[in-house]
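Here the structure is laid out as structure tokens; the discussion comes afterwards.
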Amino acid sequence: MSPEEAFEKMAEIYEQLNCSGKAEVKILMQGMFEGDCCGNICEIKDNEHDETIDAIRTYVKDILPVTGEVASEKIAFPKVGEFKDCNTHDTAHVDLFLYDDDEVDELVDEGKLSYNTCTKCQSSSNVKEVNFISHSLPPDAIKHLLKKMLSDEETNGKVFLDVGSRTGAILYLAHLYRKDNFKSITGIELNNELCDLQRKVLDEFKIPNVNIVAGDVLGEEGLELLRTSDVIFFNNVFQFFQSEDWQREAWSTFSKTIRKGSIVLTAPSLESTLGDLGMTLTWATPLPTPETDSEEAAVLHKYVIN
């Protein structure tokens with residue numbers, strides 16, 4: 001068989017694979033061509049995971065708009081806290097799991113986003129910077145959370161819950177990096193469109209042992225998940241979607257529902273979130289977290305329930 005014929009046959013087989021399969025083949029071929037099929041297993045695994053993450057990001061980008069939001073979502077701009085001055089005119093939503101800084105620059109160059117907005121139509125003297133808001137963490141921040149903020153002791157045989165799982169970013173990486181540790185991985189999401197999206201990704205990339213629950217975290221099933229989970233993550237989950245009164249009721253309920261000894265991870269801090277709502281943190285104790293140079297990872301905080 002000639003090299004040309006071999007290449008054509010390989011290309012034909014490659015095109016029959018799904019996104020996950022293509023990512024895995026790239027890693028295997030790279031190792032073969034570099035003459036290091038054994039090599040550094042951890043490094044190869046990390047490369048393999050990065051390929052899978054990039055494939056998932058590409059897959060989801062083809063489904064969602066740049067904002068990472070779906071039509072059925074209702075955004076409620078906060079009236080308190082850091083983002084109280086944000087509004088529809090000077091705020092852009094960009095999903096950081098899907099788009100990194102370079103990709104945002106490309107979107108600006110393509111005219112799909114702008115770094116500036118005019119506060120008065122057609123008045124160039126009233127230009128201000130756009131506030132970029134994301135409802136997701138970038139991949140590197142999620143890796144920091146899973147690999148550095150959580151120990152094997154805190155994850156082995158434990159039940160993991162992501163409250164407001166949206167596109168499923170935390171869940172996919174929890175499977176990649178902690179599937180040998182966590183007993184189960186679950187995301188609860190109120191929006192049915194986003195639940196359907198997560199299930200599509202799980203099916204496309206053949207990700208097992210990840211559960212998607214469609215429902216309200218304050219509903220019966222949601223509260224039972226909170227009671228039975230060992231590690232729970234809240235990523236700015238309510239600030240742009242619920243009223244302040246709803247949030248106060250929710251956090252009050254969580255304080256009475258999450259069991260003693262459970263680990264809670266948040267972005268931003270509970271002190272900040274509760275403080276904006278006029279509440280005080282008395283039911284959880286902050287835990288030390290590893291230092292990071294990442295601005296996005298620096299917003300992550302860790303607590304144990306009293």
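The values are calculated or read from the model by the stated rules, or taken from the named source; none is laboratory data. As the structure is a computational prediction, the values presented were derived from the model and not from experiment. Cβ coordinates were reconstructed from backbone atoms using ideal geometry, including for glycine residues, and neighbour counts include every protein chain displayed. Accessible surface areas use protein heavy atoms only, side chains included; no ligands, DNA or RNA. Shrake-Rupley method; radii C 1.70, N 1.55, O 1.52, S 1.80 Å.
Of the residues THR280, THR285, THR253, THR266, which single one is free of Cβ contacts under 8 Å to residues at least 60 places away in the same chain, open to solvent by 20 Å² or more (accessible area, probe 1.4 Å) and assigned to a strand (DSSP E or B)?
Working: THR280 fails: assigned to a strand (DSSP E or B); THR253 fails: assigned to a strand (DSSP E or B); THR266 fails: open to solvent by 20 Å² or more (accessible area, probe 1.4 Å).
When all the criteria are applied, what remains is THR285.
When only residues in segment 223-244 that are modelled with pLDDT of 95 or more and in a loop (DSSP other than H, G, I, E, B) count, which is surrounded by the most Cβ atoms within 10 Å (Cβ to Cβ)?
SER229
Using the structure shown, decide if ILE56 is open to solvent by less than 40 Å² (accessible area, probe 1.4 Å), at pLDDT 65 or above and in contact with a Phe, Trp or Tyr (Cβ under 7 Å, 6 or more places away or on another chain). Give the derivation first.
Working: open to solvent by less than 40 Å² (accessible area, probe 1.4 Å): yes; at pLDDT 65 or above: yes; in contact with a Phe, Trp or Tyr (Cβ under 7 Å, 6 or more places away or on another chain): yes.
Against the criterion (open to solvent by less than 40 Å² (accessible area, probe 1.4 Å), at pLDDT 65 or above and in contact with a Phe, Trp or Tyr (Cβ under 7 Å, 6 or more places away or on another chain)), ILE56 qualifies.
Mind counting the residues in segment 187-207 that are farther than 20 Å from LYS74 by Cα, open to solvent by 100 Å² or more (accessible area, probe 1.4 Å) and outside any helix (DSSP H, G or I)?
Total meeting the criteria: 1.
Count, please, the residues in segment 178-210 that happen to be in contact with a strand residue (DSSP E or B) (Cβ under 6 Å, 6 or more places away or on another chain) and among the β-branched types (Val, Ile, Thr).
Qualifying residue count, segment 178-210: 4.
Conditions: (1) surrounded by fewer than 14 Cβ atoms within 10 Å (Cβ to Cβ); (2) within 23 Å of GLU193 (Cα to Cα); (3) modelled with pLDDT under 95. GLU220 meets all but one. Number of the miss?
(3)
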